[in-house]
Amino acid sequence: MFVQKNYRIQRIAKILYKEITKIILYKLNNPNIGIITISKVLISNDLHYVKVFITSLNKNNINQINFSIKPLTQATNYIKYHINKHVLLKKVRHIIFLSDNTLLKSIKVINLINNIKY
């Protein structure tokens, strides 16, 4: 469902990545979000669902990243309003924020490799 093979969908994903980043940085004034990074945006083929994967460099626990997701999910209508205002995509119906755990997993692997004694 979220396979990004179509070039048009990839371009829309890049545009949504930029717009959602601008909205989070400049429009949302919620201190509970913290410092987050959008790592990936995936769009369904029918443009109805958008998955936004977020990660944080200063958070070292998955629960703390999920704590940042809660205010973002509460602001989805606000984000959709600004997307429809600037990007003119009226098909986006659902925005889902998910945590991207690849950074945390890679840090754990690096720590395990560093702790190996020769």
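All of the numbers you see were taken from the coordinates with simple rules; none came from a lab. A quick note: this is a predicted structure, and the numbers were derived from the prediction, not measured. All Cβ positions, glycine included, derive from the backbone under ideal geometry; neighbour counts span all protein chains shown.
Measure nothing fancy, just the Cα-based angle from helix 62-74's long axis to the longest principal axis of the chain, in degrees from 0 to 90, nearest 10. Result, in degrees: 10. The eigenvalues of the Cα gyration tensor, multiplied by 5 and square-rooted, give the chain an equivalent ellipsoid with semi-axes of 29, 18, 11 Å from largest to smallest.
A simple spin-label model places pseudo-atoms 7 Å from Cα toward Cβ; at Asn6 and Asn84 they are separated by 2.0 nm.
With axes computed from alpha carbons, what is the tilt in degrees of helix 76-86 against the longest principal axis of the chain, rounded to the nearest 10 within 0 to 90? Tilt relative to the chain: about 60 degrees.
Distance between the pseudo-spin-label points of Thr73 and Lys105 (7 Å out from Cα toward the beta carbon): 2.1 nm. The stretch between Ile35 and Lys18, if pulled fully straight at 0.36 nm per residue, gains 4.5 nm over its current Cα-Cα span. In the chain, helices alone account for a calculated mean residue ellipticity at 222 nm of -14500 deg cm²/dmol, with every DSSP H run of four or more residues adding -39,500 (n - 2.57). Summarising the label geometry, the points placed 7 Å from Cα in the beta-carbon direction at Tyr26 and Asn114 lie 3.7 nm from one another.
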